[in-house]
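Please read the structure below before turning to the comments.
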Amino acid sequence: AQQADILILDERTNHLDVAHQLQLLQLVKNLPITIIAALHDLNLAAAYCDELVIMQNGQLILQGTPEDVLTEQTLQQVFNVKAKVATNPFTQKQHIYYLDHYEE
């Protein structure tokens with residue numbers, strides 16, 4: 001168990017403050033093993049994951065890189081939210097800006 005090739009994390013950042021969320025994800029990102037993590041924070045997923053799987057009602061909807069999967073259309077169709085997706089100028093990773101339902 002101490003030398004596993006795969007680490008599975010189920011919402012391990014859920015109740016952590018922001019500093020500890022970032023610290024944990026950076027720690028596991030640097031491990032030389034495969035990490036499978038369930039994350040509901042899509043910005044954290046975009047920042048730390050190489051590949052994402054989007055599921056809805058127990059069904060696989062999309063799989064691919066954050067750039068391929070986290071699109072404005074997918075966010076609207078799967079999560080029922082309006083959003084704009086842009087590149088974070090500091091990390092060069094995708095960042096989702098959620099919009100009020102009245103904004104366009």
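So in region 41-70, with the set limited to residues that are open to solvent by 60 Å² or more (accessible area, probe 1.4 Å) and assigned to a helix (DSSP H, G or I), which one is farthest from T87 (Cα to Cα)? It comes out as D68.
Condition test on K82, is it among the charged types (D, E, K, R) and more than 17 Å from A45 (Cα to Cα)? For K82, the condition - among the charged types (D, E, K, R) and more than 17 Å from A45 (Cα to Cα) - is met. Among the conditions (1) open to solvent by 50 Å² or more (accessible area, probe 1.4 Å); (2) in contact with a helix residue (DSSP H, G or I) (Cβ under 8 Å, 6 or more places away or on another chain), I96 misses just one, which is (1). Among the residues of region 71-81, are any modelled with pLDDT of 95 or more, of a type in the set (F, W, Y), open to solvent by 50 Å² or more (accessible area, probe 1.4 Å) and not in a loop (DSSP other than H, G, I, E, B)? For region 71-81, residues modelled with pLDDT of 95 or more, of a type in the set (F, W, Y), open to solvent by 50 Å² or more (accessible area, probe 1.4 Å) and not in a loop (DSSP other than H, G, I, E, B): absent.
Of the candidates K29, K84, the single residue that is loosely packed, with under 15 Cβ neighbours inside 10 Å, charged (D, E, K, R), over 12 Å from the mean Cα position of the chain (by Cα) and modelled with pLDDT of 95 or more is K84. I'm told L39 meets every condition in (1) aliphatic (A, V, I, L, M); (2) modelled with pLDDT under 95; (3) over 13 Å from the mean Cα position of the chain (by Cα) except one. Can you identify the failing condition by its number? Condition (3) is where L39 drops out.
Candidates in region 1-25 are the residues that are open to solvent by 80 Å² or more (accessible area, probe 1.4 Å) and within 23 Å of Y97 (Cβ to Cβ); of these, the one that is farthest from the chain's Cα centre (by Cα) is D17.
The values are calculated or read from the model by the stated rules, or taken from the named source; none is laboratory data. Keep in mind that what you see is a predicted model, and the values were worked out from it rather than measured. Note: ideal-geometry Cβ built from the backbone for every residue, glycine included; neighbour counts use all protein chains shown. To get the accessible areas, we keep the full protein, side chains included, count just its heavy atoms, and leave off ligands, DNA and RNA. Shrake-Rupley method; radii C 1.70, N 1.55, O 1.52, S 1.80 Å.
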